[in-house]
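The values are calculated or read from the model by the stated rules, or taken from the named source; none is laboratory data. If you're wondering where the values come from, they're calculated on a predicted model, not measured in any experiment. Cβ: placed from backbone, ideal geometry, glycine included. Neighbour counts: every protein chain shown. Heads up: the accessible areas ignore ligands, DNA and RNA and are worked out on the full protein's heavy atoms, side chains in. Shrake-Rupley method; radii C 1.70, N 1.55, O 1.52, S 1.80 Å.
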Amino acid sequence: MPVLSRGRHRNPKRGACFMELASYLAGERWSDHPACTHPLLAALARLVNDNTGDGQRARLVGLVPSIIGLAGDDLRIDARIALRCATTALPVAAAERQLALAVSVLAAEEMLARLDGRPSGRLSEPSRSAMEQVPLAAAQARKFSRAARITEKGFRRYAAPNAVQLAVVGIVQACVPDPDALLRDLLAGAIADCAALIGERDAVSAPAAAVAAPAPMS
């Protein structure tokens, strides 16, 4: 079994990053960008892997099987990952990163509201709690967000990946006792969010597929 380490590896004998190990377990071609996982979730996993200390990286191995099969093009997946990242990092990040993370929280909440057909401007409890801990950045972010409207394409290409990158860097550089544990919890939470969302999607689509299928010939 390959051993987790930083960066990309030519083959399993040289070690593996988190997503290379996932490709190995999924039976795919050796890659750190396997098809078995949503691209943004895979990006988060690679960042967590590479920014976790060598002595703690082995603790990530148990999460690898749970990331396999979490794929799809539903933009809500991107929004959930971005929101999890931003709300986790915002309360602990340095002041210079708080505005960008607060904007990421609002952008993800706005996108989810739009996709779900809900009124915009209402925050979930994790978002509200995170924003309350950084009132100055939150106020500035609300002013900025009122003047900008992000497109779905822009969110997927730029805003969501930026939130993931900002969050991981913010946690790594934060003055917290155990950033490695916080990174692992972030990845575990994002995996759970994606599993729940994809499970809901599959549960809804299954009855529809059953109705659409032709009745068997007697």
Checklist entry - Going by the structure shown, is ARG156 open to solvent by 60 Å² or more (accessible area, probe 1.4 Å), in contact with an Asp or Glu (Cβ under 8 Å, 6 or more places away or on another chain) and not small (Gly, Ala, Ser)? => result yes
Item to check | Sole residue being modelled with pLDDT of 95 or more and under 13 Å from the mean Cα position of the chain (by Cα), chosen from ALA35, ALA45, ALA26, ALA22 | outcome: ALA45
Checklist entry - Any residue at all in region 177-196 that is modelled with pLDDT under 95 and either open to solvent by less than 60 Å² (accessible area, probe 1.4 Å) or in contact with a Ser or Thr (Cβ under 9 Å, 6 or more places away or on another chain) (or both)? => result no
Checklist entry - Which one is nearest to ARG84 (Cα to Cα) among residues in region 109-119 that are in a helix (DSSP H, G or I) and open to solvent by 20 Å² or more (accessible area, probe 1.4 Å)? => result GLU110
Checklist entry - Just checking, which of ALA148, ALA58, ALA139 is outside any helix (DSSP H, G or I), out of contact with any Pro (no Cβ under 9 Å at 6 or more places or on another chain) and surrounded by fewer than 16 Cβ atoms within 10 Å (Cβ to Cβ)? => result ALA148
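Consider region 120-136. How many of its residues are within 9 Å of ALA102 (Cβ to Cβ) and either in contact with a strand residue (DSSP E or B) (Cβ under 9 Å, 6 or more places away or on another chain) or in a helix (DSSP H, G or I) (or both)?
So the count comes out to 2.
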Next on the checklist: Tell me yes or no: at least one residue of region 3-25 is in contact with a Cys (Cβ under 6 Å, 6 or more places away or on another chain) and either farther than 22 Å from ASP185 by Cα or part of a loop (DSSP other than H, G, I, E, B) (or both).
Outcome noted: no
Checklist entry - of a type outside the set (S, T, N, Q) and in contact with a Ser or Thr (Cβ under 7 Å, 6 or more places away or on another chain), is that true of LEU41? => result no
Checklist entry - Within region 69-108, which residues are closer than 19 Å to PRO135 by Cβ and of a type outside the set (A, V, I, L, M, F, W, C)? => result THR87, THR88, PRO91, GLU96, ARG97, GLN98, SER104
Item to check | Candidate set from region 31-55 (those that are open to solvent by less than 50 Å² (accessible area, probe 1.4 Å) and without any contact (Cβ under 8 Å) to a residue 60 or more places away in the chain); member that is farthest from ALA108 (Cα to Cα) | outcome: SER31
Checklist outcome for this item: Scanning region 163-176 for residues that are over 11 Å from LEU40 (Cβ atoms) and open to solvent by 80 Å² or more (accessible area, probe 1.4 Å), the one modelled with the highest pLDDT turns out to be GLN173
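Residues are listed down the side, and each one gets a yes or a no for (1) of a type in the set (A, V, I, L, M); (2) within 14 Å of the chain's Cα centre (by Cα); (3) on the phi > 0 side of the Ramachandran plot:
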site	(1), (2), (3)
ASP74	no, yes, no
ALA79	yes, yes, no
LEU83	yes, yes, no
ALA86	yes, yes, no
VAL92	yes, no, no
ARG97	no, no, no
ARG114	no, no, no
Checklist entry - Residue check, LEU106 against (1) over 29 Å from VAL64 (Cα atoms); (2) modelled with pLDDT of 95 or more; (3) open to solvent by 40 Å² or more (accessible area, probe 1.4 Å), all met but one. Which one? => result (3)
